[in-house]
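Each reported figure results from applying straightforward, stated rules to the coordinates on display, with no laboratory input. Note that the structure is predicted; figures quoted are calculated from it, not measured. Counting neighbours? That spans all protein chains shown, and the Cβs are built from the backbone with ideal geometry, glycine included.
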């Protein structure tokens, strides 16, 4: 290729990448930088550096509660997602009747606005909702409506409902990519269904499950609209951030500091996710 | 005649509209290596999977060692199996792979280790015990598969096209290793392949299958020399087919004269043939002899012309036209070569021209 | 022996029953929240412990449309979504072309970078966006909100379009020029029809994303640019479940329509994450 045209190709490529890069920097990177800077400035000042917002955050006992709460919700939702996804995917991979329908259903929580899902769940689990009606009618020892909304277990259920598809989708695709001959070999060698699952299938799909569960975890960790309307008095980190700017006067620096903490934690999780993906799959 | 080790009784299996196994009946004797041979889609793998239990037949029964195992799940059948794509557990080492069946059987640790090392020695891979399947070659993976299948000393070994994923040279080596191993352990084996050379080289008996049913069962010699259908004659080795009509029989009824395309050919016949009957002859291209055109005339010596000649290195492959347009494929060794358009005498040894009864 | 088979078959059927029940419960789990919203939105006098409302009415929808200016809000949502789609597609096409057709060092890294705005919860950088927009006076403008949406819409567009361009076989273009088509002709008659499905796909994805976007809108909206998600949120705060339910149904219908359109074209799994590379 002539030298001139290679240079031209490079130039054209760069030009084509420009809008994307501009968008990335302008709408994501620069705002993130603004947040970083803001988090290090004294409230409502334009100059001077300080770590007070971070220090103050970690010093408050409330801060620990917030972080613990965020982790509890995320981990709880992720564990539920993993268990449920394994069951669901083991059932779905045999392509039972209505298989396409169920696979589509699996995606519903991700394609519908989270707010609506949360609203529906609030109504469903409310004291007059169908869940309580069911419990009152069919479960013998329940005589009063059970409070599920605005509790931590309730929130975990909500998070699970919204974010399990991440785990389910990757688990299903890993499961289906498994060579059936391997399971047959285990069967011939004498392993029954459970033993095959335990010694062969689960270990082999673990990377897929992990990858999906990290996605679930990250989504749950950063969930905002759900705890905003369904968290009640429980405020995970994302809601805490928003709360800071709802004070009068708005505490932008405090909010930014919390946002930075959250962003750093998310980047850490993201790195773990990438690490899992890179690991040579069996 | 002792009880067969494995028996398929009228096994029928359908997949939707396709009849994969049609009333398949087969007896496999203790200690023999039976090969199911046939083209893709003939039902050989389906039949094998009925023996393993991966397929449940729609009709018919599977008996192993005198027990009806038709409804016994795979993991209780105590069989060993080797797969085409090896199917080793990728997340376990070679040692763990071979140990797996023993672990399932709750053998104690020390004994497990002994057995596994014994198996690894048998396949000459002791030094690879800590390797993972992806770290060893295809041939080695298949050997590990063998070890895993044999470590718990099953009475029956099933092999589903075990050599198809290996290159040609390795295939030949492995063929003898497998046969050797099976002989040493005295195990009954069922082997599935589409490669007839493999089947003829390895087996005690061969069951040739086509379109869901068994065409013929016999020793490699029987299959090769006395195919009972056109399919078998065609599938095993090369064949020339000649449609002919019976003219006369000799007094003993063993040699028969038939007529085809203006030629009178003497062939080895069968007892109940009658003049006027149409028959299908077959002869192997490398049983036909070519002589120079100036050779003496004689029974079954016909004048013909070389239509096409292909040089194959160790052999020459000819297409010869005789009589009223009878075309025969002939293969001879490379020593004497006849060229295209050359006239040549063709000799069909009567004993090697056989009749196929359809 | 046939008895054994009969027994086993009934066991198998029992398992099938168990599985069917499990799957049924799963379907219920996903769909009942929406079902209950629907009933709430058309029920009258649904107090106390009733499974279904005693009477049905469309009053709530009427109220939603009249009192909460749903028409205006829908207009806002659609304008913003349209702007976001245009901007995201304008970004997506050249970037997708570059990723799909040119060798770029560290492409995987760049791809991961592009997806970062979707991996990091928007609330983290929405703060920065809000502050910048305040300074630039972009708050409460359709353009501003749409611009904020681009941060989460563009990654989708880029992803879909780079796959589209990657799938564009060079040889088809060569064949076109051999047949005699000049650059402009081949663009309109060959390239465009081939990439059109991809562009359509990405537009649909982008539209849905912007339509449903809440967090970024919350940080950049004002009284003139209230969108359906934000208004729904405010309604939930006001506590009138019936009206909120009606609004939610109105909000959700376009999403569902789009979902049905998409699921025939694109593997829906792509919507969910687990993209290659990240």
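Summary of values
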{"quantity": "Convex hull volume of chain B per residue (C-alpha atoms, cubic angstrom)", "calculated": "177 Å³"}
{"quantity": "Shielding score for A:127-137, defined as the mean number of other chain Cβ atoms within 10 Å", "calculated": "3"}
{"quantity": "Average beta carbon contacts from partner chains per residue of C:128-139, 10 Å cutoff", "calculated": "4"}
{"quantity": "Tilt relative to chain B, helix B:94-104 - C-alpha long axis, 0 to 90 degrees, to 10", "calculated": "70 degrees"}
{"quantity": "Degrees, to the nearest 10: B:138-150 long Cα axis against longest axis of chain B", "calculated": "70 degrees"}
{"quantity": "Virtual spin-label span in nm between residue A:146 and residue C:63, 7 Å along Cα→Cβ", "calculated": "3.1 nm"}
{"quantity": "Contour excess over end-to-end distance, with Cα ends at residue B:108 and residue B:185 and 0.36 nm allotted per residue", "calculated": "25.4 nm"}
{"quantity": "Over chain B, relative contact order from alpha-carbon pairs under 8 Å, at least 6 apart, %", "calculated": "15 percent"}
{"quantity": "Relative packing of peptides C:129-140, C:16-27 - highest average C-beta neighbours within 10 Å first", "calculated": "C:129-140, C:16-27"}
{"quantity": "Calculated FRET value between residue C:192 and residue C:143, using beta carbons and R₀ = 22 Å, to 0.05", "calculated": "0.20"}
{"quantity": "Segment A:59-278: C-alpha gyration tensor shape, a/c 1.5 cut-off, then a/b vs b/c", "calculated": "oblate"}
{"quantity": "Extension gain (nm, one decimal) between residue A:274 and residue A:139, 0.36 nm per residue minus Cα-Cα", "calculated": "44.1 nm"}
{"quantity": "Percentage relative contact order, chain C, counting C-alpha pairs under 8 Å, at least six apart", "calculated": "28 percent"}
{"quantity": "Inter-probe distance in nm under a simple model that places probes 7 Å from Cα toward Cβ, at residue B:3 and residue B:264", "calculated": "5.8 nm"}
{"quantity": "Per-residue Cβ neighbour rank within 10 angstrom, fewest leading, B:144, A:34, C:178", "calculated": "C:178, A:34, B:144"}
{"quantity": "Volume per residue that the Cα convex hull of the protein assembly as shown spans, once the total is divided by residue count, Å³", "calculated": "280 Å³"}
{"quantity": "Peptide C:21-33, shielding by other chains (average Cβ, 10 Å cutoff)", "calculated": "6"}
{"quantity": "Ordering of C:164-176, B:216-228, A:76-88 by packing [mean C-beta count within 10 Å, highest first]", "calculated": "A:76-88, B:216-228, C:164-176"}
{"quantity": "Simple label model, 7 Å out from Cα along Cβ direction - residue C:177 to residue C:14, nm", "calculated": "7.1 nm"}
{"quantity": "Within the protein assembly as shown, helix-based [θ] at 222 nm, where runs of 4 or more DSSP H residues each add -39,500 (n - 2.57), nearest 500", "calculated": "-17500 deg cm²/dmol"}
{"quantity": "Three-way shape call for segment B:22-83 based on the alpha-carbon gyration tensor, with the a/c threshold at 1.5", "calculated": "rounded"}
{"quantity": "Distance histogram for segment A:96-196 (every C-alpha pair counted, 5 angstrom bins, percent rounded to whole numbers)", "calculated": "2, 11, 13, 14, 13, 13, 11, 9, 8, 5, 1"}
{"quantity": "Additional length obtainable on full extension of the chain from residue B:241 to residue B:65, 0.36 nm per residue less Cα span", "calculated": "59.2 nm"}
{"quantity": "Sequence ranges A:23-31, C:51-59, C:201-209, ranked by mean other-Cβ count within 10 angstrom, highest first", "calculated": "C:201-209, A:23-31, C:51-59"}
